[in-house]
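Here the structure is laid out as structure tokens; the discussion comes afterwards.
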Amino acid sequence: EKGAYPYYMLKEVSEQPAVMRRLLRRYTKGASLQFDVKLLAALKDADQLYIVAAGTSYHAGLVGQALFEQLAGVRTTAFLASEFAYHQPLLSQKPFFIFLTQSGETADLRQVLVQINAKNLPSLTMTNVLTATLAREATFALDLAAGPEIAVASTKAYTAQVALEALLAKALGAAKGQAAAKAFDVEHELSLAATGQQALIDQQSAIHELAKEMFATTRNAFFIGRGTDYYVSLESALKLKEISYVQAEGFAAGELKHGTIALIEPGTPVVAIITDPTTAARTRSNAEEVEARGGKVLRIVAESLAEPGDDLIVPALNPLLSPLLTIVPAQLLAYYTSLDRGYDVDRPRNLAKSVTVE
Ligand code: M6R
């Protein structure tokens with residue numbers, strides 16, 4: 001039940017800090033991580049991880065790609081299930097498949113799972129519904145523990161997927177003796193993420209004002225970032241487009257001058273997401289290029305990189321996990337834009353919660 005919340009989406013956005021804490025309780029015991037030893041052994045044996053997903057879950061998979069490569073030192077690539085099913089890349093010698101899916105019923109993913117099961121290849125489904133088809137048919141299954149997600153726009157499942165990928169990448173990296181995994185205190189980072197998310201949720205009125213300033217009447221919008229900020233830009237654009245029908249595009253900030261800057265006109269809204277110290281200056285200069293052409297920029301910036309004039313500050317967190325924070329204002333911007341335009345936030349036109357046909 002949505003209780004005091006006007007829409008499930010706002011309730012589910014607000015539940016994200018509790019989901020982070022629940023995942024910590026579920027997958028940690030004292031200082032150790034709790035994963036099936038057989039799952040860890042199968043992952044350790046793999047020479048490449050193939051993350052297969054659709055929509056928001058694919059965007060969480062892109063973050064997972066960075067997490068598994070950097071913490072566990074294993075080559076990892078995220079694929080769109082609908083592409084992978086019919087245009088399969090060359091597989092490595094020992095592939096391991098990770099299916100990321102809130103519902104566990106997405107037909108595009110099932111198509112891939114049937115193919116890889118026919119080849120007897122190992123797989124893991126991370127899902128919010130452990131009784132779902134994709135959980136039952138994969139070799140292993142892990143619970144996202146996000147609780148039922150009712151709004152068509154996925155929110156808490158995204159952050160749960162990123163957090164669970166971080167826990168598993170840390171466990172795998174530690175099992176492999178990776179120095180990067182040892183140095184990464186996943187429990188500390190996830191509790192910081194929970195506190196940081198709450199601080200952002202508490203700023204929802206200010207974010208509502210920013211939504212009005214940026215998106216009240218616009219027909220298009222852009223989100224830019226680099227690294228994990230790029231991945232969260234893709235998810236931010238998807239949120240805005242699916243519930244407010246604004247034509248939104250997320251892309252790598254460095255690509256701006258390779259085409260998209262041609263679309264910037266006076267007043268065009270651009271959200272710049274800046275949480276990585278290695279690329280912050282470059283993304284800032286991309287934002288200035290937008291402003292020089294009259295575009296309207298909203299800067300979402302990590303506390304440690306903040307400068308006067310930045311619009312929204314997100315608390316400090318390892319840049320690998322910053323999507324856990326930066327997505328929260330983006331979800332709220334989309335929510336309020338949809339609300340102010342008078343749409344049914346939870347049930348956008350033409351969309352189903354679970355896409356069970358290819
Ligand atoms: O249940 P799944 O995670 O497999 O669903 C994947 C997509 O259909 C889903 O994320 C969709 O893109 C949402 N509407 C996004 O908000």
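The values are calculated or read from the model by the stated rules, or taken from the named source; none is laboratory data. Not measured: the values here are computed from a predicted model. Cβ sites come from the backbone with ideal geometry, for glycine too, and all protein chains shown count toward neighbours. Accessible surface areas use protein heavy atoms only, side chains included; no ligands, DNA or RNA. Shrake-Rupley method; radii C 1.70, N 1.55, O 1.52, S 1.80 Å.
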Exercise. So which lysines pass the test for Lys176, namely a Cα distance under 17 Å, with those fewer than 8 places away in the same chain ruled out?
Worked result: Lys38, Lys44, Lys94
Problem set entry | Within segment 251-282: backbone nitrogen closer than 20 Å to the His87 label point (7 Å, Cα to C-beta) | 251-252
Seminar exercise, completed: Counting sequence-distant residues (5 or more places) and residues on other chains, those with an amide H built under 5 Å from that of Thr125 are Phe99, Phe140, Ala141, Leu142
For this session: Could you tell me which of Ala181, Ala206, Ala302 has its Cα farthest along the dipole of the chain towards the positive end, charges placed at Cβ (Lys, Arg +1; Asp, Glu -1), taken about the Cα centre?
Result: Ala181
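Just how large is the dipole of the chain about the Cα centre, in debye to the nearest 20, putting +1 at every Lys and Arg Cβ and -1 at every Asp and Glu Cβ? Kindly include the intermediate steps, with their values, before the conclusion.
Numbers: 33 positive and 38 negative charges, 154 e Å.
About 740 debye.
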Exercise. If you line up the long axis of helix 280-292 against the longest principal axis of the chain, both from Cα atoms, how many degrees apart are they, to the nearest 10?
Worked result: 40 degrees
Exercise. Considering only protein heavy atoms, what is the solvent-accessible area of Leu339 at a probe of 1.4 Å, reported in Å² to the nearest 10?
Worked result: 60 Å²
Exercise. Using alpha carbon centroids, what distance separates segment 253-271 and segment 151-201, in Å?
Worked result: 31 Å
Seminar exercise, completed: Quick calc, Arg219 & Ser32: beta-carbon distance into FRET formula, R0 56 Å, rounding 0.05, result 0.60
For this session: Using a 1.4 angstrom probe, figure out how much accessible area segment 1-43 has per residue, in square angstrom, rounded to the nearest whole.
Result: 54 Å²
For this session: May I ask you to list the aspartates and glutamates whose Cα is less than 17 Å away from that of Lys11, ignoring any residue fewer than eight positions away on the same chain?
Result: Glu1, Glu149, Asp202, Asp344, Asp346
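Report the net charge of residues surrounding Ala169, where surrounding means a beta-carbon distance below 11 angstrom and charges are Lys +1, Arg +1, Asp -1, Glu -1.
Value of the local net charge: 0.
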Problem set entry | For segment 207-318: accessible area per residue (Å², 1.4 Å) | 42 Å²
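Leaving out ligands, DNA and RNA, what percent of the accessible area of the chain is carbon and sulfur, probe 1.4 Å? Kindly include the intermediate steps, with their values, before the conclusion.
Numbers: 7300 of 14380 Å².
Answer for the chain is 51 percent, counting heavy atoms of protein chains only.
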Exercise. Which far-off residues, 5 or more places away or on another chain, put their amide H under 5 Å from the one on Phe223, with H placed in the peptide plane?
Worked result: Glu249, Gly250, Phe251, Val271
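Rank-order 171-180, 349-358, 123-132, 233-242 by packing density, defined as the average count of other C-beta atoms within 10 Å over each peptide's residues, highest first.
Details: 171-180: 17.4, 349-358: 11.6, 123-132: 21.5, 233-242: 25.1.
Ranking the peptides 171-180, 349-358, 123-132, 233-242 by packing returns 233-242, 123-132, 171-180, 349-358.
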Exercise. Listed here are the pairs Lys257/Lys353; Lys119/Lys182; Lys241/Lys353; Lys2/Lys239; which of them are more than 27 Å apart at the Cα?
Worked result: Lys257/Lys353; Lys119/Lys182
